[in-house]
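Just below is one structure, and these are the notes that go with it.
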Amino acid sequence: MIFSRKRAGAGRHSRDERTTEVLDSPDAGPAAAARGPYDIADAPDGVQRLDLGSLHIPAVPGVEVRVQADPQGVVQQVVLVHGDNALQLGVFAAPKTEGIWDEVREEIRRSLFNEGAAAQEATGEYGPELHARVRTEDGLTDLRFVGIDGPRWMVRGVYQGAAATDPAAAGPLAECLDGLVVDRGQEAKPVREPLPLRLPREVAEQAGQSGGGSTPGPSPAPDQRGA
């Protein structure tokens, strides 16, 4: 299933600082976060987004949203694609009092090491991230793991393609991550449990009528709970 987001005019949030700024709209309130991912309670209005349940993905020109879902419409994988670059997204439950990316990042590093792949830590726009080269069915593949802790949630992004080694190449994919919105919900969930993702109802009905299925995408990143 491919959703193409080609709408022109999707604004880009400032990527200089994770601070606040006054919005241009006179009725938008006094201030809002300069960039996301946003909690749904703080997300700016007036942005077209694809509602996948716990993740709302902004419409960014040229970016395709590739979704793998089961026949019931439960989303199992979300990958954003722009040219030869891809960004795999996941969102997980976290505690009220602290973030989990530091712990998860170390577990990813150990898991990669056990599989024979070395991972190097670097500082990116969201703080510490991991860079690794792994062997997949497509051959050696560079990966860049990014984690963002939010209120009771964590977003994990995994870049592939040139964006895995050169953050400047991420372009519209980075814009999607900046504009991402998380709808955590209020119910209690175990820490690191993936938050539920689903197809929009009309899309799920169309998929059911056509027999479901999925769209081939880039090789998935190492599958780890909460990582």
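The values are calculated or read from the model by the stated rules, or taken from the named source; none is laboratory data. As the structure is a prediction and not an experimental result, all values here were calculated from the model. Neighbour counts run over all protein chains shown; Cβ positions are idealised from the backbone, glycine included. Ligands, DNA and RNA are stripped out before the accessible areas are found, and what is left, the full protein with its side chains, is counted by its heavy atoms. Shrake-Rupley method; radii C 1.70, N 1.55, O 1.52, S 1.80 Å.
If you add up the charges near Ile40, with Lys and Arg at +1 and Asp and Glu at -1, over every other residue whose beta carbon is less than 12 angstrom from its beta carbon, what do you get? For residues surrounding Ile40, the net value is -2. On the range 38-200, 46 percent of the accessible area sits on carbon and sulfur atoms, based on a 1.4 Å probe. Length gained on full extension, Asp70 to Asp102, computed as 0.36 nm times the residue gap minus the Cα-Cα distance: 8.4 nm.
Counting Lys and Arg as +1 and Asp and Glu as -1, each charge on the Cβ, what is the dipole of the range 38-200 about the Cα centre in debye, to the nearest 20?
Numbers: 15 positive and 26 negative charges, 65 e Å.
My answer is approximately 320 debye.
Put a plus charge on the Cβ of each Lys and Arg, a minus charge on the Cβ of each Asp and Glu, and nothing anywhere else: the dipole of the range 69-152 about its Cα centre is then about 80 debye. Extension gain, Asp84-Asp45: 0.36 nm per intervening residue step, less the Cα-Cα distance, totals 11.0 nm.
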